[in-house]
1. Looking only at residues in segment 14-31 that are at pLDDT below 95 and open to solvent by less than 20 Å² (accessible area, probe 1.4 Å), which one is farthest from V69 (Cα to Cα)?
2. Kindly provide the set of residues from segment 1-60 that are under 26 Å from C155 (Cα atoms), in a strand (DSSP E or B) and of a type outside the set (D, E, K, R), ordered by number.
3. Quick check, is N36 surrounded by fewer than 17 Cβ atoms within 10 Å (Cβ to Cβ) and within 20 Å of L80 (Cβ to Cβ)?
4. Just to check your reading of the model, which residue among D149, D114 is open to solvent by 60 Å² or more (accessible area, probe 1.4 Å) and under 20 Å from L80 (Cβ atoms)?
5. Going through I61, I87 one at a time, which residue ends up being touching a residue at least 12 places away in the same chain (Cβ under 8 Å), surrounded by 15 or more Cβ atoms within 10 Å (Cβ to Cβ), out of contact with any strand residue (DSSP E or B) (no Cβ under 9 Å at 6 or more places or on another chain) and not basic (K, R)?
6. Picking from T10, T96, T53, T75, which residue would you name as being surrounded by 19 or more Cβ atoms within 10 Å (Cβ to Cβ), of a type in the set (S, T, N, Q) and on the phi < 0 side of the Ramachandran plot?
7. Within segment 176-201, can you find the residues that are assigned to a loop (DSSP other than H, G, I, E, B), open to solvent by 70 Å² or more (accessible area, probe 1.4 Å) and not aromatic (F, W, Y)?
8. In the set G130, G77, which member is under 23 Å from V7 (Cβ atoms) and in contact with a helix residue (DSSP H, G or I) (Cβ under 7 Å, 6 or more places away or on another chain)?
Amino acid sequence: MESIYKVVETFVSINGEGAKSGALALFIRFQGCNLNCNYCDTEWANKDDAPYTEMTADEIIERVKMSNVKNVTLTGGEPLIQRDIDILIDRLTDETDCRIEIETNGTRSIKKWDVRSDKLCFTLDYKLPGSGVSSDTDTDNYNYLSTGDTVKFVCSDESDLDAARSIIDKYSLVRKCNVFLSPVFGRIEPAFMVDYMAKHKMNDVRLQLQLHKFIWDPEERGV
């Protein structure tokens, strides 16, 4: 039986954050998430009653090829809770010339992709206390990071920054992958975060802003 994926939207835009920030990408957003972060900006896609289109792997691959966009981002919701998502990821890397990025909340294992094509990368959140779900992060994933991957810390306040700094040091993340700090939009000033980074000499860590929230209305979908 062919795998069916619940896709709530596909669209072409720029990557608003991460290592490919500012680069054109095709986004494929899946329905459903296993977390409920208190700052989630795609909460509408997480709900069981969120409208979706059933798409097969063949249909998704065709959508990717027709887009003529070289960066593809699988996001959600949480893409790694989709049934047979490993099949889709492997087929995308095998059957297209695109660079595939998986945006994941960091609670699902990426061990099965420990050895993988350099066309595939992961952007993992570390859930800080300000998210309300900080105990769910799977830090075992940090054993399987590559230099093309990213670990992202979304910060609400100074205590989140303290926690992020502790985790970055504990797991030597800057030696393994890209590391970003990101403000929760409207909760913490980016300038304060820059001062914090300077005070603590957070070399090789980068501050990122969600570009799409400055270009478009922060509540806008499909951008």
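The values are calculated or read from the model by the stated rules, or taken from the named source; none is laboratory data. Just so you know, these numbers come straight off a predicted model, no measurement behind them. Neighbour counts run over all protein chains shown; Cβ positions are idealised from the backbone, glycine included. Note: accessible area is taken over every heavy atom of the protein model, side chains too, but ligands, DNA and RNA are not part of it. Shrake-Rupley method; radii C 1.70, N 1.55, O 1.52, S 1.80 Å.
1. Restricting to residues being at pLDDT below 95 and open to solvent by less than 20 Å² (accessible area, probe 1.4 Å), the top hit is G18.
2. Initially, segment 1-60 is screened for residues under 26 Å from C155 (Cα atoms), giving 13-25, 27-47.
So of that shortlist, the ones also in a strand (DSSP E or B) come out as 13-14, 24-25, 27-30.
S13, I14, L24, A25, F27, I28, F30 - these are the residues of segment 1-60 that are under 26 Å from C155 (Cα atoms), in a strand (DSSP E or B) and of a type outside the set (D, E, K, R).
3. Working: surrounded by fewer than 17 Cβ atoms within 10 Å (Cβ to Cβ): yes; within 20 Å of L80 (Cβ to Cβ): yes.
In short, yes.
4. D114
5. None of the others qualify; the one that does is I61.
6. T75
7. Correct list: G186, R187, E189, K201.
8. None of the others qualify; the one that does is G77.
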